[in-house]
Structure formats: C-alpha cells, structure tokens
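**Q** Take a look at this one; I'll ask things after.
The values are calculated or read from the model by the stated rules, or taken from the named source; none is laboratory data. This is a predicted model, so every value here is computed, not measured. As a convention, Cβ positions derive from the backbone with ideal geometry for all residues, glycine included, and neighbour counts pool all protein chains shown.
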Amino acid sequence: MIQSNANTTQNITVLGATGSIGLSTLDVVSRHPEKYRVFALSCHSRVKELVELAKIHQPKHLVTSSKADYPKLKAYSEETGLACQVHLGNDALCMIAADEEVQVVMAAIVGAAGLLPTHAAVQAGKRVLLANKESLVMSGNLFMDAVQQSGAVLLPVDSEHNAIFQCLPQQGFCQKSIRKILLTGSGGPFLQRDLATFADITPEQACKHPNWSMGQKISVDSATMMNKGLEFIEACYLFGVAGDDIEVVIHPQSIVHSMVQYADGSVLAQMGQPDMRTPIAHTLAWPERIESGVASLDFSQLTDLQFLKPDFARFPCLQLAIDCAYKGQAATTALNAANEVAVAAFLARKIRYTDIFKLCLATVEQTPDNKLSSLADILECDKHSRLFATNYMETLL
C-alpha cells in the first residue's frame, strides 16, 4: 500500500530548473511550502536565471553542466550572497540526483544530457518524476530494470504518459483487459499547411505551437511530430506494452491528453487544460491530489473536439520513430541522437525543416542492429550517431 506523504516535508532536486518544466515545477512547489523544500537546482547555460531562482527557493546546491558558464555561476551566487554550494558537470548532476537527503527528483533536462543523472536518481531509489523521455528512448530496458532493482518510484510527467498512467488501474493491470493505448498529439502548427511549402518553414514558425508553451527543441519536435514518436517509444517501456498496443491519434485541441481503450468497450480519458503544472502536481503528490494553479475545464466552452488519424506524408518523423520502436534500442538511440543534431542545426538555420527527417533516416539506416547491454554501449552508439549525423549534414547544404 502506498503511504501518504501528507505530514512530511520532502526535499526535491530539479534537474533542468530554468526550462519550462523546471519553472512549472517550482511554481507548483511554491504553492505548497509545507510539503516540499528545494534541495538543489541545475541548468546548462542560463546561470543568471538559476541564481534568481535560488534567491527565491534557497537550495543547498546549484549545478551547471556548462564549463564556460561555471565561473559566471560562482560569481553571480557570490555577488548575491547565496549560502548554497556551486558545482560543475555530470558528476555533480548525479550527486544532487542521488543525495541521501533527497526524496524527489524532477528529471527535466532536455535530451541525452539527462540520461546519466536520471539513471543516478533511479539507482538511488528516489521518487523520479520523468520529464526526460530520452532516458527511456535511449536505455529503456536497462532503465526499467534499474527501477525494479532499486525500488525507485517512477512517475511520468509528459502530459500524454501521465494521462495514460491516470487511466490505468492503480494496482497494475491485466494485459488482456486493454485493447489499445490511445496516444494523442495536437499535430502542431503545420497540421493544415500545404506540404509543398514545408521546405520554407522557419524556426520561428516551427516554435509557435498553437496550444503549449515549451522550449525551442521540444517545440520543433512537436511540429515534426518526432516528439510523439519518441513518446510512442517511451510508452512501450513505461507500460510494458508492444507497439501494436499503441495508436497515435491527432487531437488538435489538446484537451484530451490520452486515453485507454478497454476490452469491454470502455474508453477512459484524462482531460484538462494544456498546462504542464497539472501532470507535475499529479506526480509530486501521487497518490494524492494537490492544487496546481491550473483552472478547471469549462465544459460549456468545449464545442468542437476533433480526433484524426496521423498523415505520415506530413509527419514522416512520426512513422520513422514508430519503425525504430520495433527495431530496438540501437535504432531508437541513433534516432534520438540524430534528431538532436538535426533540430539544433535547423534552429541555427544550417539545414531546412524537411532535412530533419532526411538526416534522421540516414542515421538510423546506417546504425548496426547491435544489442546495447550497458550504459557504455548506449553512450557509444549515441556518440557514433551524432558524428555520422553531423558529417551527413554536409551533404544537405
């Protein structure tokens, strides 16, 4: 039986504190000072913003992963008179994730950079609020094995996976009782755009999501629907289901965050405003509920909820990610690496929007179907894929 944490204050580490998920987490935490105390905060390069957050939340530790920005972080924290310790690098990220004083870790570092500290939190048996989907995309079986061995509590923060989690029975479920997991996605800003104009899409247009306020990387992933493909892979590992058990559904309004279809014909859906504070509050307090700061839905205003099949000609990255889910860990690791390289290049205006898929496809196709049996294997595959993707980019210029 899950024990209530209602009468205890929990220490929380926020990995990726200056990103959209990190800021939303701190917003929810600040509403419940009797329940949560900030132990540590991390960022990559937004060190001034990190210090401003530290002035509010008074953590014991601050960490940057950027060697170039570490001196600035020390200088800013000293100028401000903060009492916290300042650290640099991956070892420090793992330290604040695994520290014995910490009960809860928000894993919100974007991309492969979040893999090692998220693993450290899991191996230390923490309550891990997983917003870093790449940890499962890159190391799914190893990651879930570590959760089982350490006794960590893994709770999904992505709105879709959190919705699925809420729609599944709390005490586990019989595989035969479920027909489909229905993974919803808005379709992003280009759901109706003329396909002939896709090569002309700019970073500004790709980052203008119609419903969600997110960082640039995930906004581009939402536009290509690579994000939904990575979530497809993540769902397989999180819920122990096969690819055939998951169906992606386009839902432009982002009100239904995902659904579970049962054998008896029932469909359970989780609904709410498109605001990440809802799943964050859910995972922080689970199995209880706390105030998130998000307004309830006004059902009298919900006049047109649409559900569509995805068009893979429009979203080839989604199809590629689903294909990789069937191929295995090497393919999903390579895909994630190539996509990170491609999105960064697109945002820097080095390649076109349509080149993102081309670069990802080429990288996956050259990746050997090797068994990745350790984190070292996974990191080597990631490194090789990034190198190939970077070199392949020259052919697209």
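**Q** I need every pair where a residue in the range 356-379 that is over 17 Å from ASN227 (Cα atoms) has its Cβ under 7 Å from the Cβ of a residue that is in a loop (DSSP other than H, G, I, E, B) and at pLDDT below 95, sequence separation at least 6 or different chains.
**A** ASP369/GLY328; ILE378/LEU372
**Q** I've got another one for you. When you check GLU79 against the structure, is it out of contact with any Gly (no Cβ under 7 Å at 6 or more places or on another chain), in the same structural domain as PHE39 (by TED's automatic domain parsing) and of a type in the set (D, E, K, R), yes or no?
**A** yes
**Q** Looking only at the range 39-57, count every residue that is buried (at least 24 other Cβ atoms within 10 Å of the Cβ) and within 21 Å of the chain's Cα centre (by Cα) and tell me the total.
**A** 5
**Q** Also: Out of all the residues in the range 229-244, is one or more charged (D, E, K, R), surrounded by fewer than 17 Cβ atoms within 10 Å (Cβ to Cβ) and in a helix (DSSP H, G or I)?
**A** Checked the range 229-244: at least one residue is charged (D, E, K, R), surrounded by fewer than 17 Cβ atoms within 10 Å (Cβ to Cβ) and in a helix (DSSP H, G or I).
**Q** Right, another one. Enumerate the helices (runs of 4 or more DSSP H) found wholly within the range 115-174, keeping only those where 2 or more residues are within 24 Å of SER373 (Cβ to Cβ), hydroxyl-bearing (Ser, Thr, Tyr) and not assigned by TED's automatic domain parsing to the domain that holds LYS383.
**A** Filter on the range 115-174 gives 134-150.
**Q** What number of residues in the range 345-360 are among the charged types (D, E, K, R) and part of a loop (DSSP other than H, G, I, E, B)?
**A** The total comes to 3.
**Q** Residues of the range 361-375 being under 25 Å from MET144 (Cβ atoms) and in a loop (DSSP other than H, G, I, E, B), which ones?
**A** THR367, PRO368, ASP369, ASN370, LYS371, LEU372, SER373, SER374
**Q** Taking the range 185-228 on its own, how many of its residues are assigned to a helix (DSSP H, G or I), under 30 Å from LYS327 (Cα atoms) and of a type outside the set (Phe, Trp, Tyr)?
**A** Matching residues across the range 185-228 total 17.
**Q** Here's another thing I want to ask about it. List pairs: first residue in the range 19-35 and touching a residue at least 12 places away in the same chain (Cβ under 8 Å), second residue aromatic (Phe, Trp, Tyr) anywhere in the structure, Cβ distance under 7 angstrom, at least six positions apart or on different chains.
**A** Here the result reads VAL29/TYR36, each pair linking the range 19-35 to a residue that is aromatic (Phe, Trp, Tyr).
**Q** Right, another one. Test ASP244 against the stated conditions and say whether it is more than 30 Å from ALA152 (Cβ to Cβ) and either free of Cβ contacts under 8 Å to residues at least 40 places away in the same chain or not assigned by TED's automatic domain parsing to the domain that holds ASP27 (or both).
**A** For ASP244, the condition - more than 30 Å from ALA152 (Cβ to Cβ) and either free of Cβ contacts under 8 Å to residues at least 40 places away in the same chain or not assigned by TED's automatic domain parsing to the domain that holds ASP27 (or both) - is not met.
**Q** Anything in the range 84-115 that is under 11 Å from the mean Cα position of the chain (by Cα) and closer than 22 Å to LEU284 by Cβ? List them, or say none.
**A** MET106, ALA107, ALA108, ILE109, VAL110, GLY114
**Q** Has the range 18-38 got any residue that is farther than 20 Å from GLY293 by Cα and buried (at least 20 other Cβ atoms within 10 Å of the Cβ)?
**A** Looking for residues that are farther than 20 Å from GLY293 by Cα and buried (at least 20 other Cβ atoms within 10 Å of the Cβ), one finds none in the range 18-38, hence no.
**Q** Could I ask something else about it? Working carefully through the options ALA131, ALA120, ALA152, ALA124, find the one that is hydrophobic (A, V, I, L, M, F, W, C), surrounded by 15 or more Cβ atoms within 10 Å (Cβ to Cβ) and touching a Cys at 6+ places or on another chain (Cβ under 7 Å).
**A** Of the residues listed, the single one that is hydrophobic (A, V, I, L, M, F, W, C), surrounded by 15 or more Cβ atoms within 10 Å (Cβ to Cβ) and touching a Cys at 6+ places or on another chain (Cβ under 7 Å) is ALA120.
**Q** I've got another one for you. How many residues, within the range 288-336, are under 21 Å from GLN192 (Cα atoms) and among the small types (Gly, Ala, Ser)?
**A** The total comes to 1.
**Q** Output the number of the condition that LEU297 fails; it satisfies all remaining conditions of (1) within 30 Å of SER30 (Cα to Cα); (2) touching a Gly at 6+ places or on another chain (Cβ under 9 Å); (3) part of a loop (DSSP other than H, G, I, E, B); (4) in the same structural domain as LEU359 (by TED's automatic domain parsing).
**A** (4) is the only condition that LEU297 fails.
**Q** Quickly run through the range 320-343 and pick out the residues that are free of Cβ contacts under 8 Å to residues at least 60 places away in the same chain, in a helix (DSSP H, G or I) and surrounded by fewer than 18 Cβ atoms within 10 Å (Cβ to Cβ).
**A** Within the range 320-343, ASP323, LYS327 meet the criteria.
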